[in-house]
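Taken together, the values in this text are just the output of simple stated rules run on the coordinates, not laboratory data. As the structure is a prediction and not an experimental result, all values here were calculated from the model. Glycine gets a Cβ as well: all are built from the backbone with ideal geometry, and neighbour counts include every protein chain shown.
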Amino acid sequence: MSQSLEDLVRAAQHEQAERAVDPQRVLNALPQRRARVVRRRRLVLALAAAGVVAVLAPMLALRPGPAPQPPSVTPSPVPSVTGPQSRFVPLEFSPGWLPAGYAEYHRSIRPGEGLIRVWGSAPPPSPLLIDDVPRRLSMTVAAAAESEVTRDESDETVEINGSSGGYRTDGPPGVYWQTGGFTIEIRADQPGITRDTMLRIARSVRPDPTGTELPMVVGIPAGQISVAQSVTGVSPGEWLAVTDLGEEDPFGSAVASGTSVSVGTVTPAPAGGTSLRVGGRPARHLYAETQGGHYLVVELGGGLRLTVLSVDLDRPAMVALAEAAGAPNPTALTWIGR
């Protein structure tokens, strides 16, 4: 028996609907896609508009004059940088005693998370491998108004220089307490340091009026912020300083954008790439999807390299970031290994 015209139309409509992409999947994907496009557009346009401000005192090491560009690259406007501001970060507190053989190999500062310092019984194999510091011990100092320590039921109440604190008994040992408007937490990231040793370290902590000087100046594009700055070293002669860029979300939290600028005696970039010159200095640009994205490596001389790493910036925007970086100051790193 033949089908009616109405049945044929209904069947065709049903088949077409089965082939169509689920509209809810499309709607769900739009915000993520838009966020990626907007983030990239904001940073590229900010650099192209030369709306760059300094996070610290600019010295413009890579800008002796107009930067030569290879024929295949559209020249980007040289960003203007304003300042100066201090590159000095106060330590606030320091331990007066550590186990024999311990030395410091890492310092980092994150908005809302405070200053983090790392000691170990031996240096890391490379400035790129801070997680490999043997018998790693860390101390975090953050403004009490911006930090909150979660107390577990198993934590032991302890006294630290007249303040009530806690000692973590679950997992790697840790001690935390508040004093002078700051929250301090000391952690042994690997088992092996005893309770008595941890409490002795904590009770040796005193206010420290000195500070650390960041060894590199980075130009921050308008609309962007520095979400983290860190220095890791094997010694004062082997180190890497990194500034991660990002944005502030509607809730006031810093969100990384996948772009960073680093300087040091090593580079996180793999070998290879296309040769060019940035600020008159030899450089190379490459893309390594399995190793982070796009890299721009500039040879500064004296064994130092500047590296721009980005998930999605194009080469002209990366060159603009490199040219907005200031001269590194290796003399600020005498604390490494001490």
Using the Cβ atoms and a cut-off under 14 Å, what net charge is assigned to the surroundings of ARG203, where Lys and Arg are +1 and Asp and Glu are -1? +1
Segment 219-293 -> Rg/Rh from Cα coords, Kirkwood Rh, value 1.02
I need the per residue convex hull volume for segment 116-229, using only the alpha carbons, in cubic angstrom as a whole number. 154
Suppose the chain between ASP249 and TRP97 were pulled fully straight at 0.36 nm per residue; how much longer would it get relative to their current alpha carbon spacing? 50.7 nm
Which three extents, in whole angstrom, do the alpha-carbon atoms of segment 274-325 cover along their principal axes, largest first? 30, 20, 18
Percent breakdown of C-alpha pair distances by 5 Å bin, ordered from the shortest bin, for segment 212-338: 2, 11, 21, 23, 19, 14, 7, 2, 0
Per residue convex hull volume, Cα only, segment 89-168, in Å³ is 135
